[in-house]
Every structure is written in C-alpha cells, then in structure tokens.
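The structure appears right after this line, and notes come after that.
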Amino acid sequence: MNENILTCCICGEELAPEDAYEFDGKFYCLDCFEDETVVCDECGERIYTGDAVTDSDNTLCRDCFNENYYYCEECGCIIHSDDAYYMDSDEFEEYPYCCGCYTRLKKDKGIHDYSYKPDPIFYGKGKMTMGVELEVDCGGFDDDNAKEVLDIANTNGENRLYIKSDGSLDSGFELVSHPMTLGYHENEMPWDRIMKRLIHMGYKSHQAGTCGLHCHVSRTALGEGFEEREAAIGRILYFVEHHWDEILRFSRRTEAQMDRWAARYDNNSKPKKLYDDIKKGYCSRYRAVNILNYNTIEFRMFRGTLKYNTFIATLQFVNEICSVAVSLSDEEMEDLRWEDFISRLTEENHSELITYLKERKLYTKEAE
C-alpha cells in the first residue's frame with residue numbers, strides 16, 4: 001500500500017497528496033471539501049458549512065454576522081448594517097428592514113425618512129448625470145401632498161422622484177430625483193408642473209430661507225479612469241474657489257448662509273494641489289462642493305427655488321462647470337476668466353442659463 005495515499009474523511013475516496021484538500025486537520029476530496037466548507041464573504045476565513053450564516057446572496061462566519069449584519073425583519077434576508085432601513089413609525093418599532101421590504105411597507109407613504117436611499121436608476125443617454133435635491137418648506141409635512149407631487153413625477157410606472165423628510169425644514173420635505181442627464185431634466189422630467197403644484201399647495205423654497213438646491217454629479221462622468229476623474233474634480237474645485245464672487249451672486253445666498261451650509265475651501269492653490277490639500281485636511285459635507293460621497297460630488301451652494309427657469313439655469317450651470325473641467329487642462333483652467341466661461345454658452349443649449357445670468361448681472365458686456 002502506498003503510504004502517500006490519503007483518504008477523504010467524508011466519502012473515503014483515496015487521494016494523491018496533490019489532490020487532497022486539508023481543513024481543520026482533516027483531508028477531503030474536492031467535492032466533499034466544497035460541500036463541507038465555505039469562505040466568509042466578509043473576512044475570507046474558511047469555515048464549516050454548518051457553521052455559516054447564509055442566504056441566497058451572502059455567506060458569513062458567525063463573528064462577522066454578529067458584528068456587521070442583521071436579518072431583515074420582514075423577509076429574513078441578510079443585510080449589512082449600513083444598508084438597513086428603519087421605520088419612522090411606532091407601528092413597526094425599530095426593526096431593521098432591507099430596501100425592498102422597507103419600500104413595500106412604506107408604499108402608502110409619500111414621505112420617506114431622511115436615511116432612505118434606494119439604488120439609483122439612471123435616466124437619459126450619456127454619462128453626465130445629475131441627481132437633484134430640492135427642499136421645500138412652509139406647506140406642511142404632509143403625505144397626501146407628497147403623493148400628489150409623486151403622481152406628477154412618476155407617470156407610466158417610472159420611479160424618477162422620491163421624497164424624504166429633512167430636519168432642517170420647519171414644515172416641508174425634500175424632493176430627490178434619480179440621476180438624469182441634463183437633457184432628461186429639461187425635456188422629460190415634469191419639473192415645471194411639479195413646481196406649479198407645490199406653489200399651489202402653499203410651499204416655498206427661495207422665500208422660505210431654510211431651503212437649498214443641491215446637485216449630485218456622477219464621478220464616472222468626469223473621466224475614463226480614476227486619475228482623470230480626480231484631475232477633473234480638482235479643476236471643478238479650482239473654478240469654484242477662483243470665481244467665488246460670481247458664484248455667490250449666482251447662488252442667491254448670503255455669505256453667512258454659505259458659511260453655514262456651503263462654505264468655500266478658501267484655498268488659492270493650483271487645481272491638483274488644491275484637491276490634495278482638501279483631501280488631506282478636514283473635510284465636511286457642508287462645503288460648496290462636497291467631495292465626501294463615494295459615487296458623486298455634490299454642488300451645495302444654491303438656494304432653493306420653485307421658479308422653473310432658475311432651476312433649469314442652475315442645472316445648466318453645474319453641467320457646464322463639469323464640462324469645462326473635463327475638457328480643459330489644469331493650465332487652461334487657471335487661465336479661464338469668467339468672461340471666457342460665459343463665452344462658451346449658446347442660446348441653443350443654455351437659454352435659461354443666459355437669461356438667469358443677465359438677471360443676476362453676471363452676463364458681462366465683454367461676453368456679449
């Protein structure tokens with residue numbers, strides 16, 4: 001008998017040493033090894049199959065599950081603690097839910113809690129997408145009002161808009177769009193009808209003094225790879241810092257409001273060093289351009305509005321800043337004057353933006 005032959009501890013198959021799999025001091029054939037042991041998705045440790053915590057999508061050791069995961073209270077699937085949702089109603093208590101069950105249980109609610117964040121749905125053709133957050137106030141924290149707005153936005157089975165609570169508002173809520181191209185915002189999304197309905201219901205945005213308009217731009221729109229995207233973000237930050245006076249006037253906010261909700265970084269370095277300094281220093285989401293989100297950068301400096309032209313002008317402005325940052329080099333961005341930026345605009349593609357810039361006395365004679 002060959003002394004080098006090993007035996008599978010489960011099925012008894014004789015194995016050459018190179019064909020045997022060892023775990024916990026025992027030897028297995030490949031089939032039994034794969035049946036009897038698994039690898040934890042979280043820490044990578046191999047464990048006995050009977051000791052694993054599993055569902056159709058997850059395999060975890062007991063320690064990792066206890067530290068970072070829950071079972072959904074409704075369907076029993078495994079969810080990471082970062083992805084758990086909680087109802088803001090005594091009816092459901094403080095149990096964790098997966099996104100699907102949370103959405104289903106909340107289907108009769110117009111307003112989700114602030115933590116609600118569904119998987120993004122992208123609308124329009126093109127990489128340059130923007131998700132919009134528009135705060136409205138003074139009309140009531142009212143589910144029926146919210147559902148009426150959603151009925152306008154989400155026609156034909158679409159899921160283009162959802163509504164959340166926001167603790168910074170006195171008596172209102174926050175409208176959040178899924179990511180859309182500028183063209184989709186302009187031509188497909190019924191923003192004009194939504195705003196007219198909100199005004200009819202008594203909501204305010206600009207006049208409320210509590211509301212902002214934020215634009216999330218997808219990082220993937222800013223370059224083909226990580227280095228290109230990082231360089232473009234540096235140029236976006238540079239543009240905002242070096243045209244701060246114009247942006248302050250555009251925003252319709254006061255300097256004090258900016259300092260509270262969308263402060264500048266106040267750094268005069270070149271684009272790359274500016275971005276490096278910001279990443280190394282103290283970062284806060286309450287910046288004119290918030291870079292803390294993994295998938296997006298957020299333009300936070302604009303005051304809320306229910307005026308359709310101002311709203312579209314703001315989206316066109318953000319879109320153009322990003323286009324400039326993607327197309328120019330660092331040196332070209334450093335040489336870009338406000339007049340040069342304005343000269344890129346055309347009536348065909350930026351009519352609302354040009355009108356708004358003229359209203360705010362930002363469309364300079366030199367650009368005309």
Correct semi-axes for the chain, from √(5λ) of the alpha-carbon gyration tensor and rounded to whole Å with the largest first, are 49, 28, 17
Sorted by chain and number, the residues with a modelled amide H under 5 Å from that of residue 112, at a separation of 5 or more or across chains, are 163, 164, 165
In Å², rounded to a whole number, the accessible area per residue of the chain with probe 1.4 Å is 51 Å²
Mean projected area (nm²) from the convex hull of Cα positions in segment 90-216 is 8.2 nm²
For 41, 166, 137, the accessible-area ranking with a 1.4 Å probe, largest leading, is 41, 166, 137
Between the alpha carbon centres of segment 314-355 and segment 48-73 the gap in Å comes to 50 Å
quick note, the chain, DSSP beta bridge pairs, % antiparallel (nearest 5) is 90 percent
Taking Cα atoms, the helix 347-359 axis meets the longest principal axis of the chain at an angle in degrees (rounded to 10) of 60 degrees
Working note, segment 20-132: Cα radius of gyration (Å, one decimal) and Dmax (Å, whole number) are 19.4, 58
Inter-part gap, Cα centre of segment 241-282 to Cα centre of segment 158-189, in whole angstrom, is 25 Å
For the chain, the percent of accessible surface on carbon and sulfur atoms (probe 1.4 angstrom, ligands and nucleic acids excluded) is 44 percent
To the nearest 20 debye, the chain has a Cα-centred charge dipole, built from +1 on Lys and Arg Cβ and -1 on Asp and Glu Cβ, of 2740 debye
For segment 91-221, the count of lysine pairs 8 or more apart or interchain whose alpha-carbon atoms are under 13 Å apart comes to 8
Compactness check, segment 243-368: C-alpha Rg relative to the 2.2 N^0.38 Å globular estimate gives 1.07
Any residue on another chain or 5+ positions along whose placed amide H is under 5 Å from the amide H of residue 77 is listed here as 72
Ranking 260, 46 from most to least accessible area with a 1.4 Å probe gives 260, 46
With Cα coordinates, the longest principal axis of the chain makes an angle with the long axis of helix 191-200, in degrees rounded to 10, of 70 degrees
Scoring only Lys, Arg, Asp and Glu (+1, +1, -1, -1) among other residues with Cβ under 11 Å from the Cβ of residue 246 yields +2
Hits in segment 244-258: amide N under 17 Å from the 7 Å Cα→Cβ extension of residue 307, namely 247-254
Heavy-atom accessible area of residue 192, protein chains in place, probe 1.4 angstrom, given in Å² to nearest 10, is 60 Å²
Filtered hits (lysines, Cα-Cα < 24 Å from residue 270, offset >= 8 within chain) -> 279, 280
Dividing the surface of the Cα convex hull of segment 142-269 by four yields a projected area in nm² of 9.9 nm²
Within the under-12-Å Cβ sphere about residue 329, not counting residue 329, Lys/Arg +1 and Asp/Glu -1 give a net charge of -3
For residue 361, the lysines lying under 16 Å Cα to Cα, once residues fewer than eight places off in the same chain are dropped, come out as none
The chain: relative contact order from alpha carbon pairs under 8 Å, six or more residues apart, as a whole percent, is 11 percent
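The values are calculated or read from the model by the stated rules, or taken from the named source; none is laboratory data. Predicted model, so just to flag it, every value in this text is computed and none were measured. Every residue, glycine among them, receives a Cβ derived from its backbone with ideal geometry; neighbour counts consider all protein chains shown. Calculation scope for accessible area: heavy atoms of the full protein, side chains included, ligands and nucleic acids excluded. Shrake-Rupley method; radii C 1.70, N 1.55, O 1.52, S 1.80 Å.
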